[in-house]
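Okay, structure first, notes after.
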Amino acid sequence: MKTKILSISLAIAASVLVACGGGSDARSPDRANPKLDPTSLRIDFPLGTKLAGLGTSKVEDGILARMVALQADGVNKNLGPQLNVTGETTWSISGPVGDPAIADLAAAVRQATSFGKVKDIISTAFLAEPQGPITLTLNGSYTFEGTAYVVSEEFTVVPPKRVPPPFITGPEIIAIDPLDADATATASYQLVQALRGLTQRENRTAEAQFCANKGFFKFAEYAGGQTAATATITNPFDSSNSQEAITVIISTIAPSSDCTLLYDDDTANDPATFAVKTIIIQPAAVKSVDVCVVVNPAGQTCNGNGDLDQTVTPLTSCKGLDNGTAITEATVPAGETLQMVAKLHYENPANADQVFDRYQCRGAGVLSWSGTPTDIYSTNLSTTDGTATLIGQADYNAIRNNTSKNNSLVTASYKNSLTSSITGNLKLNLTDADVDSVTIRPINKDGSFAAVNSDKIYNINYSILQEDQDFVAICNYSGLEARCGDSTVKWTVSAPAILKVNPEQDPMTTASPTTPANPTFGSSALIATYKGSLTDSVTVNVIDDRLVALYLLQQQDDPSQAPIVDEFSCLGSGNYSINASRENGFDFSTIPGSRKFYAHALLKSAVDAGADPATVDPADLSILKDVSELEAVIYTADVGYYDSANKTCVVAPITESIALPEDSIPTDTPLDAALVPLADALGSGVPAEILDALPLPLTSAGKPAEFSATEKGLLVTQGDARLATMCIRVFVDADKNLIYTAAKPAEGSNPAVEADPLSENGASVLIQPAGTIALQDQAGSICQILDPLLSANDDLSNQLLLPALFNLGYYGDPAISQLPVGDALNQIPVDALLDAILTSDFSDIPGIDQLPVPIPSDLDGVQAILGDLITALSDAGGEGLPTDDVIAAITSLVGMIPGAEEINPEDLTSALEGLNPEELAATLAGALATVAEQTGLPIDQVPDLSALNGLLDTLGLGDILSGLGLDLPL
């Protein structure tokens, strides 16, 4: 249940006491103190109920459980704070555990920093796809006043499906005071893998060693079984470089490999890298600290780096900041949980104009918390995490008029390298736990809370794209809005045959069709009831809204503009090169190293409302739905190009030796070349025309571009110097197997298989090498020339230009990708590389003699294409297209036609300058005759030259051929 990870507070959960009459507690002095209510005992899963069946027996790969309960005083129930009795509970697992068991309980209860005491559930045997998922039951027995109370909850062991590629997590910006020569910093990183359908990630740090390309950024030596890699950073700044940030590239390689091989001048023995991350070392120190507080924080309020995740918890939910400006006090309701947040204002001591802010919950060794006095806390403020639980209403009544006890001054202390510490404060004033109202709000796919619809109607447009909708109950505490406390909200529906909720008691829930395999469409009320009294309800419509069509769009050159359908775009060097080049004073802003792609869906409801699939604008979100971020939507990038006429990718097969093992997930072996992020031997598996030629020899650099593992739809180039075309598609993973599934007819007892829905369109992306400013300028110019021609859906782009560009990359990329990079960036042979791009002659590029013969372009119909090219350029009149660059580009393209080596470059240039078809045809015919003479074959038997013969015939230039005295079959 995916909302669960968002719904757990970062401290021991608490609830609100609403006394008789809805006001403050007026109970008599002789009423019993609140104590645990055994009827409220429940098992809580802070990280959700899905356990990845990895079989590692590691706590970090498991899920957590705890036993919690509310309190009662003999008159009132549902009193807070909520109590954690996990340590006093006897635990067991029942159900089809198997032999060997697929799941087990850790031997001891442990103290989890954010959740209090927890019991770990671990995966003890690998669960393969055909076996699962398997549902088991967790049982907890707690004895209260001599009576044993047994509570049971189900959890599911899920076959793990890795979502490639693995990626590195950890701080991306590290600040060091440039004026403190002795300043140091530490940072921890992990290599992790996303798992399909699971919020948890697999920690694969033990399978790789970490390397950095800067000497001042040093990782501890690899240790078997490590769960994190710690780096120590010494001050890299002095008076000569204190004004600019420094880029560090960290990489992960096999434990048996040598980091030094990544950074020497010899690229031949570079070990394969599994993941790369760019780190910015910022010359700055904390100048000031302000403090704010989040009431009843979601479980992901603070990310793994200790920063406030503003996609989950916006700054407006952090009380103590008014439009970013610090204020001195905040009111907090009794019985709730808190997350303190420090606003750290950084400034470069060497340049006061260089500033930035960071919102941080915790920071090992540098950020600490304290609160004085402590009377308002039932669980003291954590000195490291900034979490706390407030006393309940009854205890607050006892101190409500005591100004020395009914508040607390929270102090955040940041250890700065230049001074002993810098502090910030926020006074917390405790108030009654009165809840005036409760409001149901939908939850966005990124976990943030959406606004309330004015009509309070929400749709589950049921399809493979949307199977459910998440909701949250927001409590209004006398003007303060916050997520309601755990266990205080019960969810019900008016039409259980249509809609169900899970969980039924929690501030967050997921609503979905009751029978998803055969849903009943209709409407149901969804009701949230707070502590049995206050309620809110919304209408949820379950609508049959099947997918009609899927479209691929991409970011425009101006990212502020709406995405569009564009069948051709360019990318420059990867983020690695961009950052490294900026460090050397270069500006690559005109050649982005990444581009965002989007998916828009045309649904049945839009068609029913009158939308015509044949004419609909894929960019019109008033008709279509943006499904770009949905888990079921998968983007693919294959080495090749998109043939828009046939709506398919044309791709080269990839060397099988580095393909992923079929249907396997290595769990005990170290990472190796098989885990370089490649989908399989033929790319992503989307429908494609596979070229009948040599396989593509990918080096350790992998594909020229990959979709990011951390940002959906973001295509990022890999390496400093790459030259290739790539075919981009998007599909919906209907069968949830992470790869494209093609349609299959029924065979024997095997039923027919439906194909995964594939986008109606695709795109070609030219990956350009851009290692220096000179190359960047030239590459940008080439892209400007080709963009208007390649963005069109015509024979010119599909049959000549795109195949020609593909050939360039196929032939040149393996050598170009091995060029010196990083600290040796300026060693790239720019002149030779430019000549190679424009002439198709890569003979001066190192390693070219080791490459296979390039795949020939399909020249069927090339005669009409070249005629269209001349016409297009003539009609354009050269406007917006630099004449010299046009001539250079077309010379390069014509140079790929078999026999073109016999063309006199001066004659070809002359023909192109005048855009004279007859002169051009004569030049080609001369080359044809020369080759025929050299081979001694009749002209119609010269290999690969019939296309030139047909070209001249189609252009109506038979007289020219006759004048040459050639015996051509016209």
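The values are calculated or read from the model by the stated rules, or taken from the named source; none is laboratory data. This one's a predicted model, so the numbers in the text were calculated from it and none came from an experiment. Note: ideal-geometry Cβ built from the backbone for every residue, glycine included; neighbour counts use all protein chains shown. SASA here: full protein model, heavy atoms, side chains in, ligands and nucleic acids out. Shrake-Rupley method; radii C 1.70, N 1.55, O 1.52, S 1.80 Å.
Summary table
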read-out	value
Cβ crowding within 10 Å averaged over residues, with 544-553, 140-149 ranked highest first	544-553, 140-149
Charge-dipole axis of the range 384-539 as Lys and Arg at +1 and Asp and Glu at -1 on Cβ define it, positive-most pick from GLN469, TYR458, ASN407	ASN407
Pairs of lysine residues in the range 284-429 - Cα separation under 23 Å, sequence separation of 8 or more or cross-chain	11
Across LYS596/LYS712; LYS50/LYS277; LYS77/LYS490, pairs whose alpha-carbon gap is larger than 18 Å	LYS50/LYS277
The range 716-767, dipole about Cα centre (Lys/Arg Cβ +1, Asp/Glu Cβ -1), debye to the nearest 20	160 debye
For the range 284-429: relative contact order, % (alpha-carbon pairs under 8 angstrom, 6 or more apart)	29 percent
Average Cα contact separation per residue, the range 165-281, under 8 Å, 6 or more apart, as relative contact order %	31 percent
Phi to ³J(HN,Hα) by Karplus 6.51 cos²θ - 1.76 cosθ + 1.60 over the range 621-629, Hz, x for Gly, Pro	7, 7, 10, 8, 10, 7, 10, 4, 9
Euclidean distance between Cα centres, the range 605-640 to the range 207-256, Å	42 Å
Relative contact order [Cα under 8 Å, 6+ residues apart], the range 215-263, whole percent	31 percent
Global geometry of the range 375-462, whether rounded, prolate or oblate, following the gyration tensor of its Cα atoms and the 1.5 cut on a/c	oblate
Sequence ranges 102-112, 484-494, 175-185, ranked by mean other-Cβ count within 10 angstrom, highest first	484-494, 175-185, 102-112
Per residue solvent-accessible surface (Å²) - the range 435-544, probe of 1.4 Å	39 Å²
Sulfur and carbon atoms: percent of accessible area, the range 435-544 [1.4 Å]	49 percent
